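K.L.:
Structure incoming, see below.
Values in this text are rule-based calculations from the coordinates and carry no lab data. Computed from a predicted model, the values in this text were never measured in an experiment. Reconstructed Cβ throughout: ideal geometry from the backbone, glycine too, with neighbour counts over all protein chains shown.
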Amino acid sequence: MASNDQADDVATYAASVRAALSNLPTDQSEVLLEDLEDHLREIAAAAGGPLHERLGPPQQYAEDLRAAYGAAQVTTRRQDAALHDLQRALARVTGSTWYRQIRAFLPELRPAWWVLRAYLAVLILMAAVSPGYPLGPIPDPTSKRGLVEILATGIAIWLSVRIGRRSRQLSQKALVLAYSANLLIALFAVVVLANMRSFAYSELTGTTSPQQTTFANAFAAGQVTNIYPYSQDGKPLTNVLLYDQDGRPIMVDKSEAQTSYPIGADGKAVTNAYPLTQRHLTGDPVVAPRVALPPWPSPGPTASPTPSLSPSPSH
């Protein structure tokens, strides 16, 4: 920027800042605006571009001055040396190359935030609608619930991007509401993500593998979606591992219920531990059915051995 243009830019910017602070008492404005032109000239010389690109609008810079130096508490006495040094340090930071690069790069991340905001909003909504439901980072497209999540996420992304593109046209009050909504989404998302299950669930990559067998078409009554083992005395058992005659893990058919598998020490899901922990699409747990246990013969008393008769010796 030419020296004349730079001087005009400094004068115009300084006049706008002074106008934005014109409602302050004279003694306070004098303290805040002391050496303003000198600071702006330093920034303009270091930045090599228009001041509004480096510092933002003059009105915003004036508000930053109010907040940084406590305009409401400024007294009639002159600035002390520490406050003066702080003002110069702030000018050096805002006029530095790395600050300008970061400030120029941040707007490029807005589209990514718009998409992430939509994804997080859907997760929060699903957690609120179905408390206790085991949410995952990737919806299951083979279930009705997963399809609903995918559809809702697509709609939310479209709406979030549309709102983001129009954010520059919003009023100051609307911008405050939008920033507050973003903050609330981020805070609630932290809670939801902290309670989210991990990627190590087999429904994310498929429920069966070539080494697993299922009960598909095993019974004429219908598919088998869970197994409830009981002990001989009628007590329900948990984490019972089932294998077929070839030593392969036995898997049941997949149902609409959401299944949570225990995770082994190797980080992989244990898919043949029964009964499975399942939940309906509403989030309610699947309850074990009533079963008719067969009458098991009770162990009888152990019979004592019958003494054998031996012929008495003849005399």
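K.L.:
List the lysines whose Cα lies under 29 Å from the Cα of Lys254, skipping any in the same chain that are fewer than 8 positions away.
P.N.:
Lys144, Lys235, Lys268
K.L.:
Separate question: Of the peptides 156-169, 271-284, how do they stack up when ordered by the mean number of other Cβ atoms within 10 Å, highest first?
P.N.:
Numbers: 156-169: 13.6, 271-284: 16.6.
In decreasing order of mean packing, 156-169, 271-284 become 271-284, 156-169.
K.L.:
If each residue's Cβ is checked for other Cβ atoms within 10 Å, how do Glu37, Glu53 rank with the fewest at the top?
P.N.:
Glu53, Glu37
K.L.:
Determine the principal axes of the Cα atoms in segment 223-262, then give the extent along each, sorted from largest to smallest and rounded to whole angstroms.
P.N.:
Cα extents, longest axis first: 32, 27, 22 Å.
K.L.:
With only Lys, Arg, Asp and Glu charged, each at its Cβ (+1 for the first two, -1 for the last two), find how big the charge dipole of segment 109-194 is about the Cα centre; round to the nearest 20 debye.
P.N.:
Charge dipole of segment 109-194: 460 debye, to the nearest 20.
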